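Undergrad: Below is one structure. I have some questions about it.
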Amino acid sequence: MEHNGFLLEQKTLEGDLNSDTSHKNSVDFLMNWFRKRSIFVLAYGTGCGAIEMPPTFTSRYDAERLGIRGAATPRQADVIIVSGYCSYKTLRRIIRTYEQMSNPKYILALGSCTVNGGMYWDSYNTIKKLEDYLPVDMYVNGCMPRPESILEGFIALQKEIGEGKASSWKKYEENYEFYRKNQEAILGKKVEPSYDADWYLYDGGL
Amino acid sequence: MFNEIKQRFATDDVEVKRNDLYKVRIKYSRLFELMHMLRDEYDYKTLNAITCTDWIEEGHFALTYMLTTEDRKYTFMIQTMINREDAQAKTLSHEYKQAQIMERDLHEMYGIDFPGNENLKELSLESWVHTPPLRREFDTLEFVTNHLIFREGREDNVDTKAETKRLRAEKKAQKSKDEEVKDGK
């Protein structure tokens, strides 16, 4: 059957996904297949790029047809999107959120700011290379990347998951000292943000 | 109003910036007197903003207080200079509630102290221990180079300007060559 329009796009996108056969055994294959086809993305926008996420997940681009959908809390999520520039203050929250997520977990970094600082390359308050502080599975460059690019980034991630190559959480566990050292270098000894709401009640509000 | 200000505060530095925007420069010691006068006699009841400019060469900060009338029609800018070293200004947070957060911001970004303000904790930065970032002696590029790791360029990284120039020259040469061939025919 010949496809055109929407169906053609879907076929092109998924073409890469179905072709892979490099698995060790059928259990691995099945596990990876389940994982790649049900990606729960944490609904957490960390920068300007978060504006591209709603169209990606809603009807216009409809990421759910590829098995990608939102998750409400870090404990339920598989993927965290670091969308755009990442200031020190945000980095603290991202680290805490990432460490709360359960394995397997992946990081999708969006926009040129996460790659090399982008237009904030000489800003005193944003990091330049995300992979120094957290393990990144997939970079999607652009400023900002369109939903199409985000979808392609997801497909590439799904492909790596299907092949069993995406294992950044293992990397984080194995090289924790390296990441922690880098985090402490810019955030100080206390990396985690404080939890309490005292700042609002007793600190004079905002 | 202008004459009264000129006489009472011995200043000639009154400017009409726009038909609804006035500006005056006065000494810091007379600042609050002028603000009270404008508030009580001329209805400038709202404090819109406190802004700061860093004049590093002259060695002072210029603080600008913007006051607006109750009917929101007129704005008065009062500019005053304070010393740049151990910069200090009296707080306005007891008279204008909104001044509290403005002063907190100035304290964070310029290191100006406002004795009497109850809360001068960090506002948008977190555990910042270096020079306040908006002071002009703070060298952003130097700070970034010392504290953060840049990504190295790609191996095939080329200087874009030189490369564009080279490509253009190549294209031009090719074009003239083509034209010569054409003319030859």
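Undergrad: Output needed for the protein assembly as shown: three equivalent-ellipsoid semi-axes, defined as square roots of 5 times the C-alpha gyration tensor eigenvalues, in descending order, whole Å.
TA: After scaling each eigenvalue by five and taking roots: 53, 31, 22 Å.
Undergrad: Here's another thing I want to ask about it. Which residues of the range A:78-94 show a drop of at least 30 Å² in accessible area when all protein chains are present, compared with their chain alone (probe radius 1.4 Å, heavy atoms only, ligands and nucleic acids excluded)?
TA: A:Tyr88, A:Lys89, A:Arg92
Undergrad: Using only alpha-carbon positions, what ratio does the radius of gyration of the range B:1-115 give when scaled by 2.2 N^0.38 Å?
TA: Numbers: Rg = 13.8 Å, N = 115, 2.2 N^0.38 = 13.4 Å.
Relative to the rule-of-thumb radius for its length, the range B:1-115 sits at 1.03.
Undergrad: Kindly report the accessible area of the range A:38-196 per residue (heavy atoms of protein chains, probe 1.4 Å, no ligands, DNA or RNA), in Å².
TA: 43
Undergrad: Roughly how many Å² of A:Lys11 are accessible to a 1.4 Å probe, to the nearest 10?
TA: 130
Undergrad: Tell me: how much accessible area in total is hidden between A and B, 1.4 Å probe, Å², nearest 100? Kindly include the intermediate steps, with their values, before the conclusion.
TA: Numbers: alone 11510 and 12980 Å², together 22620 Å².
About 1900 Å² of accessible surface is lost on pairing.
Undergrad: Tell me, what is the percent relative contact order of chain A, built from C-alpha pairs under 8 Å that lie six or more residues apart?
TA: 21 percent.
Undergrad: Is there a simple number for the mean count of other chain Cβ atoms within 10 Å of the Cβ of residues in A:120-127, and what is it? Present the calculation step by step, with values, prior to reporting the outcome.
TA: Working: counts 1, 5, 8, 5, 14, 8, 2, 3.
Averaged over the peptide's residues, the number is 6.
Undergrad: Something else: For A:Glu148 and B:Lys73, what does the FRET efficiency come to when R0 = 41 Å and r is the distance between their Cβ atoms, rounded to the nearest 0.05?
TA: 0.25
Undergrad: Quick one: how many Å² of A:Arg35 are accessible to a 1.4 Å probe, rounded to 10?
TA: 90
Undergrad: Report in % the part of the accessible area of the range A:29-151 that belongs to carbon and sulfur, leaving out ligands and nucleic acids; probe 1.4 Å.
TA: 54
Undergrad: Can I ask one more? Rounded to the nearest 0.05, what FRET efficiency do A:Ser102 and A:Asn4 give with R0 = 30 Å and r taken as the Cβ-Cβ distance? Could you check?
TA: It comes to 0.15.
Undergrad: Name the residues of the range B:92-126, by number, that are at least 50 Å² less accessible with every protein chain in place than in the isolated chain; the surface is that of heavy atoms, probe 1.4 Å, without ligands or nucleic acids.
TA: In the range B:92-126, residues shielded by partner chains: B:Glu126.
Undergrad: Compare A:Arg146, B:Arg154 by solvent-accessible area with a 1.4 Å probe and give them largest first, with all protein chains kept in place.
TA: Ranked list, largest accessible area first: B:Arg154, A:Arg146.
Undergrad: Using Cα-Cα distances under 8 Å and only pairs 6 or more residues apart, what relative contact order does chain B have, in percent?
TA: 13
Undergrad: Hey, another quick one. Can you list the lysines whose alpha carbon sits under 23 Å from that of B:Lys161, skipping same-chain ones fewer than 8 residues off?
TA: The qualifying lysines are B:Lys171, B:Lys172, B:Lys175.
Undergrad: Which one of B:Lys121, B:Lys165, B:Lys23 has the biggest mean-square fluctuation once chain B is modelled by GNM with Cα springs under 10 Å?
TA: Residue with maximal mean-square fluctuation among B:Lys121, B:Lys165, B:Lys23: B:Lys165.
Undergrad: On to the next question. Can you put A:Leu17, A:Leu7, B:Leu123 in order of accessible area, largest first, using a 1.4 Å probe?
TA: A:Leu7, B:Leu123, A:Leu17
Undergrad: Largest first, what is the accessible-area ranking of B:His147, A:His3, B:His94 with a 1.4 Å probe?
TA: Final ranking, largest accessible area leading: B:His94, B:His147, A:His3.
Undergrad: Then there is this: I'd like to compare B:155-161, B:77-83: which one has the highest average count of other Cβ atoms within 10 Å, and what's the full order after that?
TA: Averaged packing, sorted descending, gives the order B:77-83, B:155-161.
Undergrad: Per residue, how much accessible area does chain B have with a 1.4 Å probe, in Å²?
TA: 65
The values are calculated or read from the model by the stated rules, or taken from the named source; none is laboratory data. Keep in mind that what you see is a predicted model, and the values were worked out from it rather than measured. Cβ coordinates were reconstructed from backbone atoms using ideal geometry, including for glycine residues, and neighbour counts include every protein chain displayed. Just so you know, the surface numbers come from the protein's heavy atoms only, side chains and all, with ligands and any DNA or RNA stripped out. Shrake-Rupley method; radii C 1.70, N 1.55, O 1.52, S 1.80 Å.
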